[in-house]
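The values are calculated or read from the model by the stated rules, or taken from the named source; none is laboratory data. Model, not experiment: these values are computed from the prediction. When we count neighbours, we look across all protein chains shown, and the Cβ atoms used for this are built from the backbone with ideal geometry, even at glycine.
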Amino acid sequence: MDFEPSDDQRLLVESVTRLLNDTYSFAQRKSYMALPQGYSPEMWGKFAELGLLGLPFAEEYGGFGGGAQEIMLVMQAFGRVLVLEPYLPTVVLCGTAIDAVGTAEQKRTLLTAIAEGSLKMSFAHGERQARYDLNDVVTTAKKSGSGWVLDGSKTVVSHGEAADKIIVSARTSGDRYDEDGITLFIVDANAAGVARRGYLSRDDTRAADLSLSNVSVPADAVLGEVGKGFAVIKRVVEAGIAATAAETVGAMEAMNEMTLEYSKTRVQFGSPISSYQVVQHRMSDMFITQEQGRSMAMLATIAFENPDEAERERDMAMAKVGIGQAGRYVSQSAVQMHGGIGMTEEYAVGHYFRRCMVIERLWGDPAYYLDKLAAEVA
């Protein structure tokens, strides 16, 4: 894969950067957080106008036919300003699932609506007892006539409170840890029996815990093949890892720029702290770590399009470890270099730190993936 941007990709980055520079200052972001949805519906509409919501989808669904590299560029730009809108759950996670195994009608209906900005979705898979094990599913779906009845609960569903539809994983056969027997369903968020408890996550984004009690869904709510949803879930997680790795790179760039600027203006013992060698060394280490993280984000982007499943899983694990470690080092160093002000809600760097720490744990922390890598060579 050639990572030298094409002319179209440069125009994409320029358009996204221009929009965010005009509309997503730290003060503006705080005002979006205060809105009932926890993000700006107006910004969501602007993303649709710019074509970002249909970026990875085929033209027949109102998209642009972009790939993993285009998503990487957009997510990196989003990471620089800590975008709050539900782009990750709607476009990246649910979009990947629908595009991979959706019927022609599901793609036409759902992807088109996502691209035009009229549909927001969430991917509800995680359960309280499962931690990072994707195959640990106890939510059930039982046949009822031609449809299904769902019972169970999901936790930390990103933007689940504002979603119009939710992709829910449920067990249709097998035991708790079986990979076979997991099925994906497209559930109306306002259906009878669906309860959502929304809350503010540690990274300033909204999430929800989802309760399903005797929720009836029709036969055409099944996404993909019955009992074969585990492979799709893994594919969705891979898309999420690649996207959030790029987002972390954008966040590290912003933190390094903030820290460099602060070091030039913060005076200690009569001189800017940037004049001290120990500060210069730390800044150099932060930049080097950022670039190492960029390489890991590129690895995840390459791996996402690798047809070899074993190689793809290994590279994704390596990328998850590398970007997690890089994001932690840069964000902790940025807060430390800012001193007390870095710990305040009024200053941006602490918010970048929190977002990086949340991303580090999404779908598994570095220790979890290091164990997986070690098991391959044991």
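What do you reckon, is Ala163 in contact with a Phe, Trp or Tyr (Cβ under 8 Å, 6 or more places away or on another chain), of a type in the set (A, V, I, L, M) and either crowded, with 21+ Cβ neighbours inside 10 Å or assigned to a strand (DSSP E or B) (or both)?
Against the criterion (in contact with a Phe, Trp or Tyr (Cβ under 8 Å, 6 or more places away or on another chain), of a type in the set (A, V, I, L, M) and either crowded, with 21+ Cβ neighbours inside 10 Å or assigned to a strand (DSSP E or B) (or both)), Ala163 does not qualify.
Would you say Gly66 is more than 17 Å from Ala246 (Cβ to Cβ), outside any helix (DSSP H, G or I) and not assigned by TED's automatic domain parsing to the domain that holds Asp204?
Values: more than 17 Å from Ala246 (Cβ to Cβ): no; outside any helix (DSSP H, G or I): yes; not assigned by TED's automatic domain parsing to the domain that holds Asp204: yes.
No.
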Item to complete: Only one of these is among the aliphatic types (A, V, I, L, M), closer than 30 Å to Met343 by Cβ and either within 18 Å of the chain's Cα centre (by Cα) or in the same structural domain as Lys142 (by TED's automatic domain parsing) (or both): Leu200, Leu260. Name it.
Response: Leu200
Worksheet item: Picking from Ala334, Ala317, Ala303, Ala326, which residue would you name as being over 30 Å from Asp136 (Cα atoms), part of a helix (DSSP H, G or I) and in contact (Cβ under 8 Å) with a residue 40 or more places away in the chain?
Response: Ala334
Worksheet, complete the sentence: Here the qualifying pairs (Cβ atoms under 9 Å; residues six or more apart or on different chains; first in region 255-282 and under 22 Å from Cys356 (Cα atoms); second of a type in the set (D, E, K, R)) come out as Glu257/Arg80; Thr259/Arg282
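Quick check on this structure: which one of Gly51, Gly66, Gly79, Gly38 is crowded, with 18+ Cβ neighbours inside 10 Å, more than 19 Å from Thr205 (Cα to Cα) and not aromatic (Phe, Trp, Tyr)?
Among Gly51, Gly66, Gly79, Gly38, only Gly66 is crowded, with 18+ Cβ neighbours inside 10 Å, more than 19 Å from Thr205 (Cα to Cα) and not aromatic (Phe, Trp, Tyr).
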Worksheet item: Across region 327-351, what is the number of residues that are in contact with a Ser or Thr (Cβ under 6 Å, 6 or more places away or on another chain) and closer than 22 Å to Thr205 by Cβ?
Response: 3
Worksheet item: Here is a list of conditions, (1) modelled with pLDDT of 95 or more; (2) assigned to a helix (DSSP H, G or I); (3) under 15 Å from Gly250 (Cβ atoms), and Phe47 meets all of them except one; can you say which number that is?
Response: (3)
Worksheet item: Can you tell me which residues in region 98-109 are touching a residue at least 40 places away in the same chain (Cβ under 8 Å) and surrounded by fewer than 24 Cβ atoms within 10 Å (Cβ to Cβ)?
Response: Asp99, Ala100, Val101, Gly102, Thr103, Glu105, Gln106, Lys107, Arg108
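Name the residue, out of Leu150, Leu111, Leu200, that is of a type in the set (A, V, I, L, M) and under 30 Å from Tyr369 (Cα atoms). Talk me through it step by step, then tell me what you get.
Numbers: Leu150 fails: under 30 Å from Tyr369 (Cα atoms); Leu111 fails: under 30 Å from Tyr369 (Cα atoms).
The unique qualifying residue is Leu200.
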Worksheet item: Among Ala326, Ala334, which is the only one that is buried (at least 16 other Cβ atoms within 10 Å of the Cβ), of a type outside the set (S, T, N, Q), touching a helix residue (DSSP H, G or I) at 6+ places or on another chain (Cβ under 9 Å) and under 30 Å from Val236 (Cα atoms)?
Response: Ala326
Worksheet entry | Breaking point among (1) within 22 Å of the chain's Cα centre (by Cα); (2) more than 30 Å from His351 (Cβ to Cβ), for Ala192 | (1)
Fill in: Condition broken by Thr301, with the remaining ones in (1) surrounded by 15 or more Cβ atoms within 10 Å (Cβ to Cβ); (2) of a type outside the set (Gly, Ala, Ser); (3) in contact with a Lys or Arg (Cβ under 6 Å, 6 or more places away or on another chain) satisfied
(3)
Worksheet item: So Gly79 clears everything in (1) in the same structural domain as Tyr24 (by TED's automatic domain parsing); (2) not in a helix (DSSP H, G or I) except one condition, right? Which one?
Response: (2)
